[in-house]
Protein chains: 2
Amino acid sequence: MEQLHCDLFDIIRPDLALVEQKLHEGVDGIYAPLSDAMVSLLDSGGKRLRPALALLASRFGPRAGDPAYVIALAAAVETLHTATLVHDDLIDGARVRRGHQTLSATWSIAPTVLAGDYLFARAASFAAETQSVRVVTAFSRALMTICDGELRQLFGAFDLDQDLDTYYLRIFSKTASLFAVSAEAGAALSGADEAAVAALQEYGRSLGMSFQIEDDLLDFVGDERELGKPVGSDLRQGIITLPIYYFLRDHSERAQWRAGLSQTNADRNAVVDALVAEVRGSPAIAACRAEAQAFARRAEAALAPLPDIEEKRRLLTLAETLLQRRQ
Amino acid sequence: MEQLHCDLFDIIRPDLALVEQKLHEGVDGIYAPLSDAMVSLLDSGGKRLRPALALLASRFGPRAGDPAYVIALAAAVETLHTATLVHDDLIDGARVRRGHQTLSATWSIAPTVLAGDYLFARAASFAAETQSVRVVTAFSRALMTICDGELRQLFGAFDLDQDLDTYYLRIFSKTASLFAVSAEAGAALSGADEAAVAALQEYGRSLGMSFQIEDDLLDFVGDERELGKPVGSDLRQGIITLPIYYFLRDHSERAQWRAGLSQTNADRNAVVDALVAEVRGSPAIAACRAEAQAFARRAEAALAPLPDIEEKRRLLTLAETLLQRRQ
């Protein structure tokens, strides 16, 4: 992934460097030990997919515009993503992310909550720097969608009876909405016409759905070292993902698993391990992979009306590349 | 306070009703039991000072404009205020606010963090509804200032050696900045000239400083029933407020108090009780009251260049009224 990543994003490398600089400015000035923790979080190998989407999408419009606006947008979406990671890790009790200690592993609840809040505020402030009401509106809607998705995920924990639409809504909310707004806002800032903006937004949305389904799949079949977390982490937190849906669809023991998962923590762990093992060896895995591929195809198809520029080729390759990632 | 409040805000009563409606719409659609908790928080007797400031300040410009913009602004500042209360109560471990159970008393950490995040997102979305880049920019800066102030307060807990400037910066950040932006943005949306916008912003800032000093004072001399929380709550959480500064300035036993407060929780409580009793009976109280009054005078003076309309008279009376509040 890292190698492909380098090749894929070479045409936006200088802009990505400016985004890095801005992301680091974003945590300057905050209480020093916390700022160190945030710098280490920023530097710990995020793929910068959302900034890259914003930057690539911003090459489809006629207006060069003030390049600072697109850099601010890219910093806004990545900072928002980082803010959600900080609060997620607190909520999940995660102690390690990307091979580094999480903020919540080092700090107590109070500074972790406030550090996340500060990053939300920074993200809103970067979004305002785009000087675009449209971008700020889209951005604040995505923020609401993400929070709403997190709440749905939390209150749906360990509920095996949620329908599949609930799953799609949840992954749209928590992942695809920010991918969509990154591409949409990048295109809008470049003065692209509405059809192109809509095409890039749909590309972002479908790419985000594909990415999250692949992510949910990796939680079952990935390598623990590459993932940087134990297999089955989602299910252990009660998050019911597509492999579970597909597995249960083909099995009649739903009631038995439901009973197992409704036990208290200690008894539940063994059930989770057993379910993960069953799902890993089942046809549900191939069905999920096919669905991630279908969303990637949909992302690629969304780009059909756009001119055949280098940025478009990169976006097409990106959709392929993300299907093959290992983490 | 409640009676005066009714008289003071009668000229903006219809607009305040629209703000209430919008605030309630703001928590619709969120997971129902949480939404009930938020409605109860919204309905539990907040004074709506920040919306009132925005609405009154919006009467100083020539442009009637779309009244929906000012309503959206008023909802944005109150929702932001509510979001900070939700996370504050979680951080402080507060179980009661305004006589009602806090969200964090009923819910675990995860939904409380996410409910606060959702309100931040709603606030940003209401701010975007003003369709004004200026308002969104000012709003997102205030949000950053507030979070930064909360972090400073947290990391300065129980530190008796902070200088007085630290205190002023802290209360500006946590309170006066949002008062200032409410008035500034209300004026800007109405198309008031820059001098009038600056005057109203300065009014808001000074009113906020006066309000917070009075609040810090009430924590020592207020009635526990009217406050809805025990006297000395701030100090118990380690928050060093103006009465403590003034008390220690006149006393030489700083080292003794510092040693007492640096003990572990159980031993510290007795020290806090003793210090609160000492401060209550000291001249520090009168000195703080004088300072709250001085900031109120400064707020009133800021309005001098503005035309003598009814809204101006209400703002002048508001500064007086807040000095006499009991909660």
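In table form, for the structure just shown:
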{"item": "Among the residues listed as A:Arg50, A:Arg63, the single one being assigned to a helix (DSSP H, G or I) and of a type in the set (Lys, Arg)", "result": "A:Arg50"}
{"item": "Test for B:Gly222: is it modelled with pLDDT under 95 and at positive phi", "result": "no"}
{"item": "Hits in region B:139-154 (condition: within 7 Å of chain A (Cβ to nearest Cβ) and over 30 Å from B:Phe247 (Cβ atoms))", "result": "B:Ser140, B:Arg141, B:Leu143, B:Met144"}
{"item": "Of all residues in region A:79-104 being in contact with a strand residue (DSSP E or B) (Cβ under 8 Å, 6 or more places away or on another chain) and either under 21 Å from A:Leu143 (Cβ atoms) or in contact (Cβ under 8 Å) with a residue 12 or more places away in the chain (or both), the one that is farthest from the other protein chains (Cβ to nearest Cβ)", "result": "A:Thr102"}
{"item": "Any hit, region A:87-104, residues being surrounded by fewer than 24 Cβ atoms within 10 Å (Cβ to Cβ), among the hydroxyl-bearing types (Ser, Thr, Tyr) and over 20 Å from the mean Cα position of the chain (by Cα)", "result": "no"}
{"item": "Unique match (being surrounded by 19 or more Cβ atoms within 10 Å (Cβ to Cβ) and either under 20 Å from B:Pro307 (Cβ atoms) or modelled with pLDDT under 95 (or both)) among B:Val39, B:Val27", "result": "B:Val27"}
{"item": "Selection status of B:Val136, within 9 Å of another protein chain (Cβ to nearest Cβ), within 27 Å of A:Arg141 (Cα to Cα) and either without any contact (Cβ under 8 Å) to a residue 60 or more places away in the chain or in contact with a helix residue (DSSP H, G or I) (Cβ under 7 Å, 6 or more places away or on another chain) (or both)", "result": "yes"}
{"item": "Residues of region A:66-80 satisfying the condition of being farther than 30 Å from A:Gln101 by Cβ and either among the acidic types (Asp, Glu) or not in a helix (DSSP H, G or I) (or both)", "result": "A:Asp66"}
{"item": "Residue check, A:Asp165 closer than 19 Å to A:Leu322 by Cα, not in a loop (DSSP other than H, G, I, E, B) and not small (Gly, Ala, Ser)", "result": "no"}
{"item": "Check on B:Pro51, more than 14 Å from chain A (Cβ to nearest Cβ), farther than 16 Å from A:Gly116 by Cβ and more than 19 Å from the chain's Cα centre (by Cα)", "result": "no"}
{"item": "Number of positions in region A:302-327 that are closer than 27 Å to A:Asp219 by Cβ and part of a helix (DSSP H, G or I)", "result": "10"}
{"item": "B:Val181 more than 9 Å from chain A (Cβ to nearest Cβ) and under 26 Å from A:Leu119 (Cβ atoms)", "result": "yes"}
{"item": "Test for A:Ala270: is it farther than 30 Å from A:Leu207 by Cβ and of a type in the set (A, V, I, L, M, F, W, C)", "result": "yes"}
{"item": "Answer from A:Ala74, A:Ala115, A:Ala128, A:Ala52 - the residue that is modelled with pLDDT of 95 or more, farther than 27 Å from A:Leu318 by Cβ and of a type in the set (Gly, Ala, Ser)", "result": "A:Ala128"}
{"item": "Residue within region A:70-77 that is surrounded by fewer than 24 Cβ atoms within 10 Å (Cβ to Cβ) and touching a residue at least 60 places away in the same chain (Cβ under 8 Å) present", "result": "no"}
{"item": "Scan of region A:225-247 for residues that are touching a Phe, Trp or Tyr at 6+ places or on another chain (Cβ under 7 Å), of a type in the set (A, V, I, L, M) and part of a helix (DSSP H, G or I), ordered by number", "result": "A:Leu242"}
{"item": "Set B:Ala176, B:Ala157: member being aliphatic (A, V, I, L, M) and either closer than 23 Å to B:Glu202 by Cα or facing chain A (nearest Cβ under 7 Å) (or both)", "result": "B:Ala176"}
{"item": "Selection count, region B:163-172, where residues are surrounded by 15 or more Cβ atoms within 10 Å (Cβ to Cβ) and either within 18 Å of B:Leu275 (Cβ to Cβ) or in contact (Cβ under 8 Å) with a residue 40 or more places away in the chain (or both)", "result": "3"}
{"item": "Candidate set: region B:116-147, residues that are outside any helix (DSSP H, G or I) and polar (S, T, N, Q); chosen: the one surrounded by the most Cβ atoms within 10 Å (Cβ to Cβ)", "result": "B:Thr130"}
{"item": "Conditions (1) among the acidic types (Asp, Glu); (2) under 13 Å from the mean Cα position of the chain (by Cα); (3) within 12 Å of chain A (Cβ to nearest Cβ): number failed by B:Glu129", "result": "(2)"}
{"item": "Any hit, region A:207-216, residues being in contact (Cβ under 8 Å) with a residue 24 or more places away in the chain and in a loop (DSSP other than H, G, I, E, B)", "result": "no"}
{"item": "B:Ala121 vs. criteria in contact (Cβ under 8 Å) with a residue 24 or more places away in the chain and farther than 26 Å from B:Thr241 by Cα", "result": "no"}
{"item": "Any hit, region B:24-34, residues being hydroxyl-bearing (Ser, Thr, Tyr), out of contact with any strand residue (DSSP E or B) (no Cβ under 6 Å at 6 or more places or on another chain) and more than 14 Å from every other protein chain (Cβ to nearest Cβ)", "result": "no"}
{"item": "Subset of region A:207-261 (residues that are over 30 Å from A:Glu184 (Cα atoms) and among the charged types (D, E, K, R))", "result": "A:Asp223, A:Glu224, A:Arg225, A:Glu226, A:Lys229, A:Arg236, A:Arg249, A:Asp250, A:Glu253, A:Arg254, A:Arg258"}
{"item": "Residue check, B:Ile285 of a type in the set (A, V, I, L, M, F, W, C) and farther than 27 Å from B:Arg225 by Cβ", "result": "no"}
{"item": "Failed condition for A:Ala105, given (1) at pLDDT below 95; (2) in a helix (DSSP H, G or I); (3) in contact with a Ser or Thr (Cβ under 9 Å, 6 or more places away or on another chain)", "result": "(3)"}
{"item": "Flag if A:Ala94 is among the small types (Gly, Ala, Ser) and within 26 Å of A:Arg205 (Cβ to Cβ)", "result": "no"}
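Matching residues to (1) within 30 Å of B:Phe155 (Cα to Cα); (2) within 14 Å of another protein chain (Cβ to nearest Cβ):
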{"site": "B:Leu18", "(1), (2)": "no, no"}
{"site": "B:Asp36", "(1), (2)": "no, yes"}
{"site": "B:Gly46", "(1), (2)": "yes, no"}
{"site": "B:Ala57", "(1), (2)": "no, no"}
{"site": "B:Ile109", "(1), (2)": "yes, yes"}
{"site": "B:Ala123", "(1), (2)": "yes, yes"}
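The values are calculated or read from the model by the stated rules, or taken from the named source; none is laboratory data. All figures in this text were calculated on a predicted structure; none of them were measured in a lab. Virtual Cβ from ideal backbone geometry, glycine too; neighbours counted across all protein chains shown.
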